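Before any comments, here is the structure.
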Amino acid sequence: MEKELICVNCPMGCRLTAVIENDTVVSVSGNRCPKGKAYAETECIRPERILTTTVRIMGGIHRVLPVISERELPLDRIFEAMEVLRTVQVQAPVAVGDVVVPDILGTGVSIVAARSMEAV
Ligand code: SF4
């Protein structure tokens, strides 16, 4: 089976073709550098995404705090992670990079504050 992809690792946006056999990427073409091959392999077999959302914050200058996963999460765990974050509430002040949820869903990935927020 062949899968067409566009590499998102840089503005070149190379058009990739991955050949998949028995759940394994056996070849990648169209990439101008090794990052494209690695991207196609991950995207075809175990896609991942950075999660960005907000959580509630008490005593801050805004009612919600933007948060981000410190690195990619498995795509099939994103919805579950969002459900966890919907229940989270933090207290101001918060500094950018503060851990909001460590090791979310046992993935080894922490959710951190994407900005600082001072208390009112
Ligand atoms: S394959 Fe390399 S050059 Fe092409 S878009 Fe991906 S990172 Fe950029």
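Just so you know, all these numbers are worked out from the coordinates, no wet-lab data involved. In this text the structure is predicted, and so the values were computed from the model without any measurement. Cβ coordinates were reconstructed from backbone atoms using ideal geometry, including for glycine residues, and neighbour counts include every protein chain displayed.
A compact table of results
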quantity: Amide H contacts under 5 Å for residue 100, placed H, 5+ residues apart; calculated: 111, 112, 113
quantity: Amide H contacts of residue 54 (H built 1.01 Å from N, under 5 Å, at least 5 apart or other chain); calculated: 67
quantity: For residue 96, net neighbour charge (Lys/Arg +1, Asp/Glu -1) across residues whose Cβ lies under 15 Å away; calculated: -2
quantity: 12 Å beta-carbon shell around residue 14, net charge (K/R +1, D/E -1); calculated: +3
quantity: Cβ-Cβ FRET estimate between residue 120 and residue 54, R0 fixed at 22 Å, reported to 0.05; calculated: 0.80
quantity: Interchain or long-range residues, amide H under 5 Å from residue 72's placed H; calculated: none
quantity: Residue 8/residue 92 FRET efficiency (R0 35 Å; Cβ-Cβ; nearest 0.05); calculated: 0.55
quantity: 0 to 90° range, to nearest 10: angle between helix 34-45 axis and the chain longest Cα axis; calculated: 80
quantity: Length gained when the stretch residue 84-residue 42 is fully extended (0.36 nm per residue, less Cα-Cα span); calculated: 12.6 nm
quantity: ³J(HN,Hα), Karplus 6.51/-1.76/1.60, whole Hz, each residue of the range 4-15, x for Gly, Pro; calculated: 8, 9, 10, 5, 10, 6, 7, x, 4, x, 4, 8
quantity: Mean Cβ neighbour count within 10 Å, used as a protection proxy, ranking 4-16, 30-42 highest first; calculated: 30-42, 4-16
